[in-house]
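Report on one structure; see the data block that follows.
No value in this document is a laboratory result; all are computed from the given coordinates. The structure displayed is predicted, hence computed values, not measured ones. Neighbour counts are summed over all protein chains in view; Cβ atoms, including those assigned to glycine, are modelled from backbone coordinates with ideal geometry.
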Amino acid sequence: MNNTYSDAIVIDLLPSYIDGLLSEETGLMVTEHLKNSPGCMEIYNMMIADLDISSKRPVKRFKYRKKHVGKIILLSHILFLLLVWMYMIIEFLK
């Protein structure tokens with residue numbers, strides 16, 4: 001595995017790194033790169049300074065999706081059955 005990564009790649013990964021969305025391996029790679037790259041560390045510090053770290057709240061990812069996925073599936077099935085029913089009626093009336 002290549003242990004030297006360009007600053008551009010790490011800078012692209014920083015938002016996901018800050019949000020904790022990277023895999024463990026990629027997160028460790030970014031951490032090591034930040035230790036060895038003052039330029040990237042400066043950009044990282046500017047990014048986190050823009051955030052209100054003092055009021056960190058737990059991130060509720062995909063809450064809407066988890067809460068409503070059953071309803072969405074049910075409605076899609078009902079819509080499908082309704083369309084099939086309408087198609088059958090139209091074919092029957094021909």
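Relative to a virtual label point 7 Å from the Cα of Val69 in the Cα→beta-carbon direction, which members of segment 12-45 show backbone nitrogen distances below 16 Å?
Of the residues in segment 12-45, none has backbone N under 16 Å from the label point off Val69.
Calculate one ³J(HN,Hα) per residue across segment 36-41 by plugging θ = phi - 60° into the Karplus curve 6.51 cos²θ - 1.76 cosθ + 1.60, and present them in order as whole Hz with x for glycine and proline.
9, 10, x, x, 5, 5
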